[in-house]
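The values are calculated or read from the model by the stated rules, or taken from the named source; none is laboratory data. As the structure is a computational prediction, the values presented were derived from the model and not from experiment. Note that we place each Cβ from the backbone using ideal geometry, even for glycine, and neighbour counts take in every protein chain shown.
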Amino acid sequence: MNEANTKKLYTDFPRLYRDAAKERSTMQFGFGCHDGWFDLLYQLSADIESEARNLILAPDSDSWPRALQVKEKMGTLRFYCEVGKTKDELVPEVVGELISFRPLPSNSAIRVLIKKAESKSATICEVCGCLGTLKMEAWWRVTCDKCEQEIQQKGKQ
């Protein structure tokens with residue numbers, strides 16, 4: 001994600017992305033996806049913070065949600081987050097023949113928000129944000145037809 005969009009997320013949601021300035025934090029490397037998912041991530045961040053306020057969590061406490069890592073994996077968004085000091089769950093995820101374990105917050109409302117955004121990412125071009133489809137080739141990605149054509153052209157050069 002470009003520097004301006006990264007800064008906007010860090011500035012507008014400083015508590016959610018509070019580990020961005022910490023060494024040995026995955027968030028110090030920014031967002032491992034392209035700018036097409038910026039609006040999706042912005043809305044998800046706002047929804048998570050809204051839910052945290054509904055739960056009456058203190059923004060300056062360790063109980064406030066904390067993004068651990070945000071990236072693209074197997075073509076779609078992965079948003080790893082923890083809420084509070086409770087042991088969050090490692091949930092098995094099956095994609096085709098692949099199985100991976102990933103952290104999901106123990107808070108069910110925030111977990112639902114994350115899962116909905118991750119599912120929605122399969123229909124949003126990661127490059128431009130338009131309607132896209134998941135392409136499962138050598139490298140899985142969600143792109144619109146225009147961006148996919150540009151990627152294919154660059155690959156032939």
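Filtered by the rule that a residue be closer than 25 Å to Cys144 by Cβ and either hydroxyl-bearing (Ser, Thr, Tyr) or buried (at least 19 other Cβ atoms within 10 Å of the Cβ) (or both), the stretch 39-71 gives Leu40, Leu41, Tyr42, Leu44, Ser45, Val70.
Only one of the numbered conditions (1) closer than 21 Å to Cys128 by Cα; (2) outside any helix (DSSP H, G or I) is not met by Ile56, and that is (1).
Residues that are assigned to a helix (DSSP H, G or I), modelled with pLDDT under 95 and of a type in the set (A, V, I, L, M, F, W, C) within the stretch 137-157 comprise just one, Ile151. Being under 22 Å from Ala20 (Cα atoms), in a strand (DSSP E or B), at pLDDT 75 or above and touching a Phe, Trp or Tyr at 6+ places or on another chain (Cβ under 8 Å): is that true of Leu134 here? Spelling it out, it is not the case that Leu134 is under 22 Å from Ala20 (Cα atoms), in a strand (DSSP E or B), at pLDDT 75 or above and touching a Phe, Trp or Tyr at 6+ places or on another chain (Cβ under 8 Å). Within the option set Gln28, Gln69, being at pLDDT below 95, polar (S, T, N, Q) and under 24 Å from Ala138 (Cβ atoms) holds for one residue only, Gln69. Scanning the stretch 1-46 for residues that are acidic (Asp, Glu) and out of contact with any Ser or Thr (no Cβ under 8 Å at 6 or more places or on another chain) returns Glu3, Glu23, Asp35, Asp39.
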